[in-house]
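A.B. asks: Handing you a structure now.
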């Protein structure tokens with residue numbers, strides 16, 4: 001067990017203590033955000049805003065431009081989702097979880113492809129395509145952009161994108177030395193699977209409260 005802890009903290013040998021503390025805070029609020037998303041709880045957005053705001057700063061320092069853009073995008077979409085989720089369809093009921101329409105699926109496809117191109121251009125401009133992680137980061141960025149857009153609109157398919165992106169992110173962050181963030185994505189994967197099953201059970205059911 002001691003060897004495991006020694007290995008984990010060895011990854012932070014050259015990392016400032018304040019960055020480790022910030023990462024732990026961001027991971028904590030990120031975990032809360034995903035948990036609240038699973039429960040269809042409106043607190044998914046304020047907790048997500050705190051987590052993504054911190055990660056924008058950390059990822060910029062570590063040179064993961066794609067994931068930095070993801071978190072900046074999450075920050076914005078959390079505000080959009082916060083507004084959308086609090087809309088009511090009548091006096092007592094809020095917007096329900098629904099399945100994406102064919103038109104929305106087409107938009108997701110264009111968002112995914114557009115993100116690949118955009119992030120690719122960013123990496124080329126800053127000459128960051130110097131490691132395999134840059135290519136993986138580009139793909140996960142597109143996956144998470146699509147997932148976040150679907151979540152903000154309360155579409156059940158958002159969890160499929162989270163599951164795929166989370167699985168890819170576990171080894172990516174481990175390789176980059178962000179061990180706690182890698183562990184976070186491992187836990188995210190598990191929660192996302194349960195989140196998908198729970199949202200499917202609540203399809204088309206209009207909630208009367210968003211604090212569960």
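FYI, it's all coordinate maths here, none of it is from the lab. Because the structure is predicted, anything quoted here is derived from the model rather than measured. Cβ atoms come from the backbone with ideal geometry, glycine included; neighbour counts cover every protein chain shown.
A.B. asks: Just grab the label-to-label distance for residue 76 and residue 130, each label 7 Å out from Cα along the Cβ direction, in nm (one decimal).
C.D. replies: Rounded to a tenth, the inter-label distance reads 2.8 nm.
A.B. asks: Kirkwood Rh and Cα-based Rg: tell me the resulting Rg over Rh for segment 55-107, rounded to two decimals.
C.D. replies: Ratio of gyration radius to Kirkwood radius for segment 55-107: 1.17.
A.B. asks: Gap in Å between the Cα centre of segment 36-91 and the Cα centre of segment 190-212?
C.D. replies: 18
A.B. asks: Report the FRET efficiency, 1/(1 + (r/R0)^6), for residue 187 and residue 92, where r is their Cβ-Cβ distance and R0 is 41 Å, rounded to 0.05.
C.D. replies: Step by step, r from the Cβ atoms, then E = 0.75.
A.B. asks: With angles folded into 0 to 90 degrees, how steeply does helix 132-152 sit against the dominant principal axis of the chain? Use alpha carbons for both and round to 10.
C.D. replies: Taking Cα atoms only, the helix is inclined about 20 degrees.
A.B. asks: For a test of the definition: using alpha carbon positions, the gyration tensor, and the 1.5 limit on a/c, classify segment 118-168 as rounded, prolate or oblate.
C.D. replies: oblate
A.B. asks: Extending each Cα 7 Å along its Cβ direction at residue 203 and residue 16, get the distance between those two points in nm, one decimal.
C.D. replies: Result: 4.9 nm between the two label points.
A.B. asks: Can you sort 197, 151 by how many other beta carbons sit within 10 Å, fewest first?
C.D. replies: 197, 151
A.B. asks: Continuing with this model, one more query. First check a/c for segment 62-212, with a ≥ b ≥ c the square roots of the eigenvalues of its C-alpha gyration tensor; if it is under 1.5, answer rounded, and if not, answer prolate when a/b is larger than b/c or oblate otherwise.
C.D. replies: prolate
A.B. asks: Over segment 122-212, what is the relative contact order in whole percent, taking alpha-carbon pairs under 8 Å and six or more residues apart?
C.D. replies: Answer for segment 122-212 is 22 percent.
A.B. asks: For segment 38-80, what does the relative contact order come out to in percent, with C-alpha contacts under 8 Å and a separation of six or more?
C.D. replies: Relative contact order comes out at 46 percent.
A.B. asks: While we're on this one: Using only helices, what value at 222 nm comes out for the chain when you add -39,500 (n - 2.57) per DSSP H run of length 4 or more and divide by the total residues, to the nearest 500 deg cm²/dmol?
C.D. replies: Result for the chain: -25500 deg cm²/dmol, rounded to the nearest 500.
A.B. asks: Here is a further query. Can you tell me the relative contact order of the chain? Whole percent, Cα pairs under 8 Å, sequence separation 6 or more.
C.D. replies: Contact order relative to length: 27 percent.
A.B. asks: While we're on this one: Rounded, prolate or oblate: pick one for segment 17-128, where a ≥ b ≥ c are the square roots of the eigenvalues of its C-alpha gyration tensor, a/c under 1.5 means rounded, and failing that, prolate if a/b is larger than b/c, else oblate.
C.D. replies: Since a/c reaches 1.5 but b/c is at least a/b, the shape of segment 17-128 is classed as oblate.
A.B. asks: Next up: Find how much the distance from residue 104 to residue 174 grows on full extension, using 0.36 nm per residue of separation minus their present alpha carbon separation; answer in nm with one decimal.
C.D. replies: 21.8 nm
A.B. asks: Note down the nm distance, to one decimal, between modelled labels 7 Å out along Cα→Cβ at residue 57 and at residue 212.
C.D. replies: Calculated label separation equals 3.3 nm.
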